[in-house]
Structure formats: C-alpha cells, structure tokens
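To start, the structure under review is shown below, and the notes come after it.
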Amino acid sequence: MHPWLLLLLPLHVLASKERLHGVRPELAARYVPTKKGSADTWQCLDGSKVIEWSAVNDDFCDCPDGSDEPGTSACPNSLFYCVNEGHIGSLIPSSRVRDGLCEPECCDGSDEAPGVCPNQCKEVGEAYRERVKAEEKLRKTGSKIRSIYVAFAQKEKKRLEQEITQTEQEITTREKEVARLKDLVERTESLSAAALEERKKSPLYQSLLTHVTALKSLQREHMKHLEREKALGDILDSLRTGYNPNYQDMAVLEAVRGWEQLAGLPHINDVGKDAEDENGELGSDDVAAAEDEEEEVDDGMWTAMQLEHQLDDLLNTDYEALLVEHDKHIGAPASPTSILFNLSAYLPDVLVPQYEAFRDQVVAVLEVLGLGKGSDPAADTSKQQKALNDAEHSLRLTRKDKEDKEQELARLFDPEWYGAEGEWKKLHGTCLEKELGDYIYEVCLFGEARQKPLRGGSTFSLGHFASWNDAPGVEKGSPAYYSKQYYKNGAKCWNGPQRSVSLDMTCGLENAVLSVGEPEKCEYEFKVTSPALCLPLNASGATREEL
Amino acid sequence: MRALSSLLIVAAIPAVLAVKTHDFKTCSQAGFCRRGRALSARAAENPSWKSPYSIDASSVDLSPDQAAFTAAVRSSIYPEVKFGLDVRIHDDGVVRVRMDEVDGLRQRYNEAASWALLEEPKVSQKIQWSVGKNGVRAAYGPKNGVEVDVSFEPLQVTLRRDGKEQVVLNGRGLLHMEHFRTKESVEKSKEGVEVPEEGLDTDENAQVVLRALPRTAWFEGDSEDGWWEESFNSFTDPKPRGPESLSVDIDFPNHGHVYGIPQHATRLDLPLTTGEGAHYSDPYRLYNADVFEYLADSTMSLYGSIPVMYAHSADSTVGIFNAVGSETWIDVGRPSPKSTSSHWISETGILDIFILPGPTPADIFGQYTRLTGTPALPAHWALGYHQCRWNYISSDDVRSVQKRFDEEDIPVDVFWLDIEYSEDHKYFIWDKRHFPDPVDMIHDVEAIQRKMVVIVDPHLKRTDDYPVYTQARDRGLLVKKGDGKTDYEGWCWSGSSAWVDFFHPGSWDWWKSLFKVQPQGDQWSWVESTVDTGIWNDMNEPSIFNGPEISMPRENIHHGGWEHRDLHNINGMLFSNLTSQAVMARTDPPKRPFVLTRSFYAGSQRFGAMWTGDNLGTWEHMAVGVKMVLANNIAGFSFAGSDVGGFFGNPEPEMLVRWYGVGVFSPFLRAHAHIDTKRREPYLLDEPYKSIVRDMLRLRYSMLPVWYTAFREASVTGLPVVRPHFVVFPGDENGFSLDDQFFVGGSGLLVKPVTRKGATEESVYLPAEDQVYYDYFNHNAYRSTSKGKNITVPAELHQIPLFIRGGSIIPTRERPRRSSPLMKHDPFTLRVALSNDGSARGELYLDDGETFSHRDGEFVWREFVAEKPAKKSKGVRLSSRNLAAQKPAEAVDQVALATYDSSNGFAKDVAEVRVEKVVVLGLAAKPSSITAGGKELQWTFTPGVAASDKKEGTASVLIIKDPKLSITSDWEILVQA
C-alpha cells in the first residue's frame, strides 16, 4: 500500500477504537461520541468547542487545547499515550508522534505508523524489571550500610552527651582553680602595687616601653607588608595559572613572565612539558634562593625566620618581671659590699667623713626607691599572674570544647546538617578524591573541597560546605534535599567568581566521587555516590516509576 | 550624587568593555594610508589638480574578436616607469579595468581576482570598442544606453547610462600606483635637475620653493613617509619591497547612498568618513583582524573583507568590485546630497576593478555573483537552530544538553564543540579524558537526526606528536618567515604554533585527506569523526596573539614568494574554502558541507556560512548585528548570523529573549557563549522566558520552507536571503537608510526584530506602495500608501513585529519537532495574504536537503497562485503549479537543467506530504462553497476587513481544513463567494 494512503485511511474507515489512539487510560472515558441528530459529536476536553466525532484523531487540530488529536502530531503540546503492553505505559509529547523515529519510551511502536517500529515491549519490559531488581538490591544493601551510619549517630549522641557531662564537671573544677588563683594574685598585687609603680618610672623602663611600642608598630607594618606581598603573589599566581590567552593582552603576558622570573617559577606554558627538566631547574633555583638568604644575614642580625617566629615571643616578655630581674643586676653593686660602700678605701682621708655622710643619704634614698636590698614582691605577682592566665585559658578551652560538643550534638539530628536520622554524621570529615587531568579533586564532606595539582603549583580551595540543596521548591529533609551539597567561597578565580562545588549525590554502595566537571568556569560539579542516600525500600515511598 | 555616579558608570564602561583600539592601526598609523589621504588633501586644495597618468594613444590595441583592449599608460612624474592598461567588457555589461606596472623591479600582486572569481568571466563578443581622438569608447545595453568612456589624458574611466554619469574612475586624479623602487635609486633621483612642475599652476615664488623639493613632490609629497620601514606598538615592519601602494578615486556622481564593503560594525547606508557631514574620522578599513570586544559603531576592520560597494539612487543602482587582497582603506564623502565619492587606498597589488552597471539592485546582485559566485545552497539542517558554547566540556555534557532540550521539547539541530574538545588544542585530536567516546557521542546526537559541528582552527601546535603539524612541516606547507625559508612560529591557543600556507597547491589534497573518516592506510585521518560532522573554522584572519595587530607579520612569505601583506585579506577564505572542499570529499557522491568561517573575502559565499565574530552581550551589539548581517547579505554572503545572546557577558533574560527574536530571523541561527559566562541554554530560562524562546524557535522551524526557498533563489540568482528595503523597493527614498527591518527572501515577509530594552511597541515603516500588510500573528490589516507609512505596533517581549505583504503566499510546517529532518514528511500550511486586487503568489522549493542530487533534477519547486475566478468575483481560485517544469533552467544552482521530471525520486518520496490547512486573509465575503476537484471541503470563516477595503483592522480569515492535496501535485481550490 502506498504510504500516503495509509495516512488517509483513518479518516474514513477506522473504527471508534482508532479514535482512542494515544488516549491515556484515565481520560478514556471522556472519548465517547454524543449523538446529535444524525451526527456524532464530541466536545473538546476544555469545553471550548464541539466538533464532529470523526474529527477526533483525524490528523487535523480542531480543539484549541489540542485534545482532539491524542494520537497524532497535529496539535502541538499535547501528549500521546503508549500502552506498552508487557511493560508500563508512558506519555510522550505529540512532537514525537510519527516523526520517523521509534521512541524508546514507546516500546510497542505505537508512536509511528504501523509496521515502522517493532514491538519490543517484551524485551524492554524484562530488561526494565531486571534493572528495577538490581536497583532494589543496591538500595537494600546500601540501606544496610546506611542503618550502620544511623546507629553510629546514636552512639555519637551518647558519646557526646557523656563527654558534655564530663566537660561540665571539668569546668566546675577549673572555675574553682581560677577563683583561687585570682584571689592570690589580687592579694599579692595590692602588697606590691605601690613599689612597682615607683620602679616603672625608671627612664630605662620607660625607654624599654617605647622600644616595645615601636617594635610592635614595626611588626604590625611588617605583617601588613607580608600579607600584601602574599596577596600580590596569590593574585599573580592566579593570573599565571588562570590567565586566558584569548585576551591577547601582552601586558598580561609580561606581568606573568615578570612574576615568574621574580618568584623563580617556570613559565606556565612550559609546566609539564618536561617534568624532569623542570624539577631539575626548580631544584637548583631553590638552592640558589637559599644561598641568597644566607648571604644576607650577617652582623648577628635576625633572619627572616627569626623575625617571623621569635619576635612575638620577644614582645610577649613580662617586662615587669624583667624590671625586677633588672633590680637584681643593678642592685648588686648598690649593696653594702659594692663599690659604693668600699669607695672610702680609695679616698683621701680628708674626704672620708663627708663621704660617709653622703653614702648614708644615698643608701636611704635607694631604699626608699625600693631599689636597694629587701624583699621582692613583684616577682611573686608575675608568677601568680601567669598561673592565673594559664588557668583561665584552660577554662576557656574547656568551655569552648563544651560548646563545640553541644553544637555537634545539635547538628546530629538537624535536617540541615547530618539529617533527621543523623545518617551523615559518620561521613563528617570523610575525604573523597577523584583524579582528573592534572589535578586531584577532593572533597572532605561537611568540610572543604580542594583542587590539588599533580605536577606542582598551589592547591586551591574550591569552597567550604555551605548547605544542602536549597533550590526553591525543594523541601528540607526530603530525598531531593540530600541529593545535592554546595561548597562555596573557595579561592577566587582570575577574572571569574570564587570557586564553588555542587555535589550531585545518589545512592551507591561506596562513598566515592564518580566524575568531576566544570560546566561553568570555576563552578565545579562532582557526581558522588553514598550509602547515606540509600533509603530503605519501604520507607522511601518511591514508586516504580521513580526508579 | 546621581550625576556623579552616572558619570562614573560612563567612565567605567569603556575601560571594561571597549576594544583595545591601540592594538589596531588608524589611518594615520599606516604609512600608505597617510600618504593616500595626504594625496587626496593636496588634490582638494589645488583647483587645477590634474592626474599625472595618461594613456599613450598610439599604443591602444583593440582585440579583434572581443570587447577588450590594452594600452600603455605613463605617468608624467615618472616618465621612465611603464604601466599597462587592460579594459574589457563582459557578456553581462560588467567592465573590468586592470592596470599594472610593466617591466618593474618585480611583479605586483596580481592573483586576488583568481581567488575571488568563480571562473574567468566571458568577454563580450558583441560589444565593440572604438578609438576616438580623446579616448576609447563603447556603447551597449538597451538602446545602447550604457556608455563606457576611457579617456587618454588624463586617464579616466567613466560609465554613463542614458547620458548620466554613473561611475567615474580617477575623475579626481587620485589614481596612483607607487612603482617599485630601491632606496638607492630614490637617493640618486634627488640629485637630478629640477623639472618644471606639471599639473601645478604656481606663481613664481611658489615655484622657487617647490624647486628645492623633488620634482614629484606636488603629487607624492615631499617626504618618503613610511616608505622603507614602519613601526607600530612594539612591532617593526621591515618592508623589504619599499612603497608599492595603490590609490584610486571612484565616484558616483548621481548616487546619494552607498552600501557594502563589509565587515564593519556600522549602518547599512554607509556613514561618511570625509568632507562635510562626516560621521567618522577614519576611513573604512579592510584588514581582517581578530578584534577583541569590538566597538558597535566604528570603521575599524573586523574579521572579514568584501571589497564590493554599491551606489544607489531612486532610479539607478551601480557598483564596483575592487579585487584587491591587501589592506585597504576607503574614504567615503558626499560632495552633494545626490552624489558620493570614494577613495580606495591599498597597500599593494595591481589595479583590478569591476564596474557593475546595474541598473537595478537585482541586476547588481546578478552581476556581482556571476563574478564571485552565488551563495552555496546549504544543507537544510544548517538552517535550524545551532547550540554552541565555549565549551561543552565532555561527551556526557553534550548528551545531557541534548536530553534537556528534548525534555523541554525545544527544537535544535546542531550541537557544537569549541576548542576545549581537543587535547592541548591539537585540533582533530580528542581530549580523551573528557571525550572518551567521541564517535558514540556524535552518533547519540545523530540518532535524533541532529548533527555536530566541531572546531578546527588554522594554528597548528608545534609538537612532534601532532601528525597534522609534522606532516605539514615535512611537506614544506607552512607559511615562512620574511627570509622565505624558515617556518614562521607564532603564539595562539595551542601555544607555539605554525600555519599552513593554503596558497600552496600542495596543501590542498593533503588537507582534504585529513578529514576522511575511513582509515587511509598509513596516512593519518580523522577516523574519530562522522561524515555528517560539520566544521567550524575560527581564528583564520589569522589571529596570532603575539603578532602585529594580533595577526601575521606582513613580511611573511607565502607560496610563489608573495608577501603576507599582498594576500592577507584572502588568507582566511582559503582556509575555510579548503575545509569545505575537504568535508565534501569525505563521501562519494559528496554531501553538502557545512563549514562556518569567521574570516572571509569575496567568494567565501560559495563555501559556507559566516558569523559576526565575538560580539558583546549588549543591546548595541544586538542591533548592529542585524545591520552587519544585512550588509553581508547584499555583499553576496547571505548565510550569516551573529551569536545569539552575545559572546561576551551574561545577558539578562529580556535581552536573551530579544536576541532569539533577532536570531530566528537571521539566515544563520546560532547561540554561543564565552567560557567565562554563565550557562544560558534556553531550557535554563525561567518562565515566561523559556516558553517565549521555545515559541520563537518553533516559529523559525515552521518557517524553514520559506528560508530554504529563499536560499534556493540566492543560490541561483544571487539575490540576498534577507533583503533591506532599498533592494525590494529601490525607488522608495524613505527606505534607503532603513537597516533595522527587512524582508525574508522573496516571500513577502517583513520583520523588525526588537533590539531595544524595555520596548513594548515598535514603529515599523511600510514601503511606498498602495498595499495591505497583515500582522502575521493576529491578522491585523495595515495599509500603506504610495508615500509609505509608519505604523506603531505592539512589541511586548513575546512579540516580534512580523508582517505579510498583501499578495504573498507563505508555506509553513507548523508541527513542532525535535530537529528539522524529522519534519520531512510533515504537512504544510499555506497562508494566502490577498493583495488589494485580490491576488497572491508564493513559492516553495524542496529537495533532500543534504546531497547534490537536486542538480540532477531531484527536487520539487512549486508556485502557489491566488487569483479572482472572474473579474468581479469576491471569491478566489487557489492553484498549485509546477515551477520546475516551467523554468527548469532557472531551478537550481550551477546547472541549467533542460527538462524537469515530475516523478523524480525525491518528488515521489514526498508525494504523500499534503497541504493540511489553507488560511486565506482578506477575503471580501463569506464563501458560499469551497471545492477541490469537485469535492466540497470543510472550512470556517471569520468575518473581518477585506484586502480590497480601505479600512484597517483584523482581516477576515478563512481556514480550509485538510483539503487532502499533495504538495507535489498540480491542483486547484475554488472559493466561491
């Protein structure tokens, strides 16, 4: 038969059954003709129009809502139902009806003219059922692992509660200790405060204080410069690794080259060209750099390392304690056995009586100043103060520890954190990796995601855990909610946004990153599996279709 | 504060978005352009200026059997230098004027025309030159109304029609061919005795001053400005061949508008660059360049060059094609409102100018495309929607993009891969980390009858593990440095790179062999591809990141010893043309190739499509894109489009939707985005934007029959696919400067895409004719007058102002499909828009859309006609006629078929395709009966305004349901009223 006759056939001879072609079962009852006089009529489903019954499925769109052509492609945006006997029925858009392609969704071939597509529903249905079985098996095994996670969360709950109780006790003990030390310090201080104040007037001490202030200011400026240098270095590193030759900007290229020379880096486009060569070069560069540094240090001046690490210690010196120490040193000659007292031996006899009177006056004055001999309460004060400081510090740490544990406990069954059953707690801090190209991509769940280069260069933060799937319309705590995690505010991209990661998560027996993509610049997408997403079959409420 | 902040914005935008203009030369930074403009300035200042060039009358040598002659030309300032002139008239009246230096130090570049021309044009054997006292003349055309006059002294070529000057060469005496010379000879000549100045009417004092200068100073200037070496930015051009520029003035004394010389981001009706009313200060520049973030209103050169210019007035259209391949600057002036002057300054090459006599726009397109070829008839799928992005990052990404399109039921035909598919930017070589299964991926796309297009750029990574590079190197096919021996090395995406010299004939077969998808023995070929994979040629200006003006050093050497400067503007065309031939050569018999190119030249239209390069996501760029596509269309290169959405930037939804409105009315429809942008595939849009874009794309697909029919016409006649007003209504002055609304082929569809932010209505100009125009969507009838008419129409975001001119019949296919090949057997709808006299006509061309079997007669070409059955009838007779049988010789491109067989294979294949619906607009009365072949048809009629009325308002609409008529057969529908 000529194909286009086939097309015309339904219009005239095909029975009412053909009028139901493509109608989904729940609407079948509405596809019945109404007798009006001699003619059979039919009302469009939206009620907008009455047409002849013969116009249903006649391959011409009569109804504004497209309901008169359930079985053809004549009306745009309508849906065609494939019965798929032996499998499950499905709806396809009318745009796929009679387009010459056999739709996988229509295994019975009903979307095309008879004879075009074979009926494969038996095979397709079988394969489908096997797939469902496999999925179910995966889910079953996965959910067992998940239940272990849930049990872990319960244990964690107990552990945390216990630890919190312990910490509370510890806090009480520490609070008592702090109170005791505080009392001690206060008493000692009141005894010695006046004496200490007097000593602090010493020009030496005052000068020392000025030096300290100056040194601190210098350190602050130094730190600023260091940070600035680091920031500039980071910017230039990003420029170097991330600059886009499309901009064809020689200024950028020069900047990159200049930085590479200054920082002793190989040219970025040569990186990886010959890894061995480059390593060799790098090595010798390092040695040279190290030599340079050593040469600069002379005259007993501090090295950069010392400045970085020892300056703080120096500035944290207890100057009051030093003041007391100082007393000991300069106090020694001022003692009666010191030169002042023995000076008379060297004086001419005529001057000795005047000298002895003067000496007594001097000693008296010195004693008033507290610089002479006598007890030394200031030293006691600073020791006690240190003990108190230490005790207070320990108390703060313990309190913080308690807060952390309380927060962890609160998050344990918080849907926005480890899930209502705490199933994610087990994975807190679990790091998953995937190697792709020149990098290892890593995500530490609920922590940080990173891009670690395999062949030298710096590791970039791709962001820190920010939230689960908070897209509009996604219910908190629903399976869809846990199907995505976002890591945000990573290192900034050259000429782009701050790096971020979206984790697309599905049920799987292992915690693993399956693939890494960068669909938009610096916005990464990890496909991840985890048993934590394998809901028990009965609890998920999943229907067969969803699988 | 407000003032301040807006000031800040104004100050900030240019810094962020503007092109780096300092990367590219202005006229004053190019020695020969400076010299050319100075020459023009000297001439303008001197009222008695006279060209030093003249023809030696005794040397005129007429060809005995054709309209050609040669003559010797001399220059009074260099009497010892010889020039030769060759003038010929082609069969179609086109005049070709050639001049070259004879017996000079070396040969000037004379091969530009050989690359541009389709074939050697046929010189007329009927038209005859006659030698007179003052010149050589010929007259031809209707009533011998066209006269060509080549006068001896000074040398001048004038084309007149009906006594009126149309085109004048060297009328202002700016012709100057700098002959080859050496530094030494110039020094020597300065020692010579002073000679009285010619052409200068000076008084005694002035002469004394001038005598101290070289004898040529009055003409050439008194300094050797940029003769021997030039620097620009950090680049020095050694110019080993010295000065060799070419200047010529070409005036159109009776034409107040000029168009053409793409590619520039400017208006269609070219704004002036010189004299009173100049809009720009620099001449239009033709020097193919990769201009990063180009300006939306500028004479700067862009990616391609077509040195053709049309001059237009209400009663005449003429043109010139200047076959020059070197950098060229063109000043346009308007000495009076009705006349236009142009001055062409080229760096090198012979004079080789074709004068196109017109007299109508249609004649001009015929004349131009007979020279350089008509646009190739594209594969039908290439007219669908192309989805591109830099980059779809993996084969799974491609599959998922396709899935999302299908989930949203948005039609798309082609998915594209930009440079990141390749390993280290070694084109052809897949990056297997991300594309482990390229052929499977392409097959998954092709399963829905879609195609993939993959990029292949001309820079070859210089690495031994890249067979394309090593083969080109070993075969000696790479472009050489100035020494002519060493392979040139430049920097591009692939790092250190080399460029194939496609001027080298040895490169041609080799390049074709690379694209074979079947193994070629030991020879490497792209087996990881499919025969239907299209190719995208980018960066072929060529773009070279560390080269002068981001391109190739001018002193580089190509095959034949030519310097790059000689052929720079042709270079990009050769790459895409060869690629096109290579794609075609993959199968036998060949399939129609699809190759997109960024760089182009006259002739590129024969081989593929172009786009307007790396535009910005701004409203200005959206608007100028429409103008640039129109400019390309009239310059012979119809298959053109601009990146929907803008390449750079993240367009807001409103802008993106409007851009789709522009795109679906561009011959080439592709969305593309830069790697730094957010993804913006239409399925990612929120409602209502997503549905609006879906509807726009479906509108495009429904109109594919119209587009394809327009492409057939372009491929045969050279008439552009999108036509500005001056083309369709050459006598309507109001339309001469219109470039934001246009017609689609000869269909009668008039569209004005909206390119303004926040628009809710648009003003549309209806051409000067007493005719009804129907709104395509709501059937509102508007009436123009013999003076033309501006109407204001609604243009909300979902609306595109689109009209059917009364008297047109539009064939469409209205069933949404996922891709265009799936529409092959879908039925047609005919929209019959009656004219005020109750008639209408339209055309439909169909073929298999992918092979060349149409040249063997495998196609369907129909005409639909509506006419009154009787003089006073209010009814209409609709008929379908076989145009192919009536005009077989004019049916398809390249061949003139003697006969047409209506039962050809293709026609049989689509014989079951029917007309499912006929919509008649503007019928005067409700029909009493409608019959086809004597059988009564079903129909509905909604009363409204009739075409013959004087009223405006919703037109009457008659819908005939399923007349059960085949699209391929002759039939009649009789509507009686």
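The values are calculated or read from the model by the stated rules, or taken from the named source; none is laboratory data. Keep in mind that this is a model prediction, so the values were computed, not measured. We place every Cβ from the backbone using ideal geometry, glycine too, and count neighbours over all the protein chains shown. When the accessible area is computed, the model is the full protein with side chains, heavy atoms only, and any ligands, DNA or RNA have been set aside. Shrake-Rupley method; radii C 1.70, N 1.55, O 1.52, S 1.80 Å.
Yes/no matrix, rows are residues, columns are (1) under 20 Å from residue B:271 (Cα atoms); (2) of a type in the set (Lys, Arg); (3) away from chain A (no Cβ under 14 Å); (4) in a loop (DSSP other than H, G, I, E, B):
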site	(1), (2), (3), (4)
B:317	yes, no, yes, no
B:363	no, no, yes, no
B:369	no, no, yes, no
B:397	no, no, no, no
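Answer yes if at least one residue in region A:254-265 is outside any helix (DSSP H, G or I) and either in contact with an Asp or Glu (Cβ under 7 Å, 6 or more places away or on another chain) or away from chain B (no Cβ under 14 Å) (or both), and no otherwise.
Scanning region A:254-265, I find at least one residue that is outside any helix (DSSP H, G or I) and either in contact with an Asp or Glu (Cβ under 7 Å, 6 or more places away or on another chain) or away from chain B (no Cβ under 14 Å) (or both), so the answer is yes.
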- Query: Of all residues in region B:588-635, which are touching a Phe, Trp or Tyr at 6+ places or on another chain (Cβ under 7 Å) and among the acidic types (Asp, Glu)?
  - Reply: B:614
- Where in region A:430-547 are the strands (runs of 3 or more DSSP E), entirely inside, with at least 2 residues that are without any contact (Cβ under 8 Å) to a residue 60 or more places away in the chain, within 14 Å of chain B (Cβ to nearest Cβ) and under 21 Å from residue B:391 (Cα atoms)? A:500-507, A:512-520, A:523-530
- Query: Does region B:444-466 hold any residues that are within 14 Å of chain A (Cβ to nearest Cβ) and open to solvent by 10 Å² or more (accessible area, probe 1.4 Å), and which are they?
  - Reply: B:444, B:446, B:447, B:448, B:449, B:461, B:462, B:463, B:464, B:465
- Message: Looking at A:64, A:114, A:118, can you tell me which residue is over 41 Å from the mean Cα position of the chain (by Cα), within 14 Å of chain B (Cβ to nearest Cβ) and surrounded by fewer than 13 Cβ atoms within 10 Å (Cβ to Cβ)?
- Response: A:64
- Message: Just to confirm my filter: which strands (runs of 3 or more DSSP E) fall fully inside region B:471-578 and include at least 2 residues that are more than 14 Å from every other protein chain (Cβ to nearest Cβ) and either under 29 Å from residue A:254 (Cβ atoms) or in contact (Cβ under 8 Å) with a residue 24 or more places away in the chain (or both)?
- Response: B:495-499, B:534-537
- Item | strands (runs of 3 or more DSSP E) wholly inside region B:231-286 that include at least 3 residues being buried (at least 19 other Cβ atoms within 10 Å of the Cβ) | B:246-252, B:257-260, B:284-286
- Item | Looking only at region B:707-733, and only at residues there that are open to solvent by 10 Å² or more (accessible area, probe 1.4 Å) and aliphatic (A, V, I, L, M), the one that is farthest from the chain's Cα centre (by Cα) | B:728
- In the list B:700, B:679, B:694, which residue meets the criterion of being buried (at least 20 other Cβ atoms within 10 Å of the Cβ) and either assigned to a loop (DSSP other than H, G, I, E, B) or more than 14 Å from chain A (Cβ to nearest Cβ) (or both)? B:700
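How about region B:579-607: which of its residues are more than 17 Å from residue B:451 (Cα to Cα), over 13 Å from the mean Cα position of the chain (by Cα), of a type in the set (S, T, N, Q) and part of a loop (DSSP other than H, G, I, E, B)?
none
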- Item | Residues of region B:919-965 satisfying the condition of being of a type in the set (Ser, Thr, Tyr) and either buried (at least 18 other Cβ atoms within 10 Å of the Cβ) or part of a loop (DSSP other than H, G, I, E, B) (or both) | B:928, B:948, B:956
- Message: Take the residues in region A:33-61 that are of a type in the set (A, V, I, L, M, F, W, C) and over 22 Å from residue B:813 (Cβ atoms); name whichever of them is nearest to the other protein chains (Cβ to nearest Cβ).
- Response: A:51
- Of the residues in region B:841-858, those that are open to solvent by 10 Å² or more (accessible area, probe 1.4 Å) and closer than 29 Å to residue B:779 by Cβ number 3
- Message: So, in region B:448-469, how many residues would count as being under 20 Å from residue B:575 (Cβ atoms), in a loop (DSSP other than H, G, I, E, B) and of a type in the set (A, V, I, L, M, F, W, C)?
- Response: 1
- Restricting the first residue to region A:389-407 and requiring it to be at negative phi, which pairs with a second residue that is basic (Lys, Arg) and open to solvent by less than 90 Å² (accessible area, probe 1.4 Å) meet a Cβ separation below 6 Å and a spacing of at least six or different chains? A:394/A:174; A:395/A:174; A:398/A:174
- Would you check which residues across region B:966-977 are away from every other protein chain (no Cβ under 14 Å), in a strand (DSSP E or B) and open to solvent by less than 60 Å² (accessible area, probe 1.4 Å) and list them? B:971, B:973, B:974, B:975
- Query: Among the numbered criteria (1) small (Gly, Ala, Ser); (2) at pLDDT 65 or above; (3) more than 30 Å from residue A:221 (Cβ to Cβ); (4) more than 33 Å from the chain's Cα centre (by Cα), which single criterion is violated by residue A:280?
  - Reply: (2)
- Query: Here are A:147, A:143: which of them is outside the structural domain of residue A:88 (by the TED database), in contact with a Cys (Cβ under 7 Å, 6 or more places away or on another chain) and among the polar types (S, T, N, Q)?
  - Reply: A:143
- Query: Out of (1) in a loop (DSSP other than H, G, I, E, B); (2) in contact with a Gly (Cβ under 8 Å, 6 or more places away or on another chain); (3) closer than 30 Å to residue B:956 by Cα, the odd one out for residue B:871 is which?
  - Reply: (2)
- Item | Selection status of residue B:416, over 16 Å from residue B:609 (Cα atoms) and within 29 Å of the chain's Cα centre (by Cα) | no
- Task: Identify the residue in region B:879-893 that is open to solvent by 70 Å² or more (accessible area, probe 1.4 Å) and free of Cβ contacts under 8 Å to residues at least 40 places away in the same chain and, among all such residues, is nearest to the other protein chains (Cβ to nearest Cβ).
- Result: B:886
- Residue count, region B:511-537, condition charged (D, E, K, R) and in contact with a helix residue (DSSP H, G or I) (Cβ under 8 Å, 6 or more places away or on another chain), comes to 3
- Hey, among the residues in region A:83-109 that are away from chain B (no Cβ under 12 Å) and buried (at least 24 other Cβ atoms within 10 Å of the Cβ), which one's farthest from residue B:819 (Cα to Cα)? A:107
- Tell me, which residue of region B:904-918 that is within 14 Å of chain A (Cβ to nearest Cβ) and in a helix (DSSP H, G or I) is least open to solvent (accessible area, probe 1.4 Å)? B:907
- Flag for residue B:143 being at positive phi and either open to solvent by less than 40 Å² (accessible area, probe 1.4 Å) or of a type in the set (Lys, Arg) (or both): yes
- In region B:537-582, anything open to solvent by 10 Å² or more (accessible area, probe 1.4 Å), out of contact with any Phe, Trp or Tyr (no Cβ under 8 Å at 6 or more places or on another chain) and under 26 Å from residue B:416 (Cα atoms) is listed as B:538
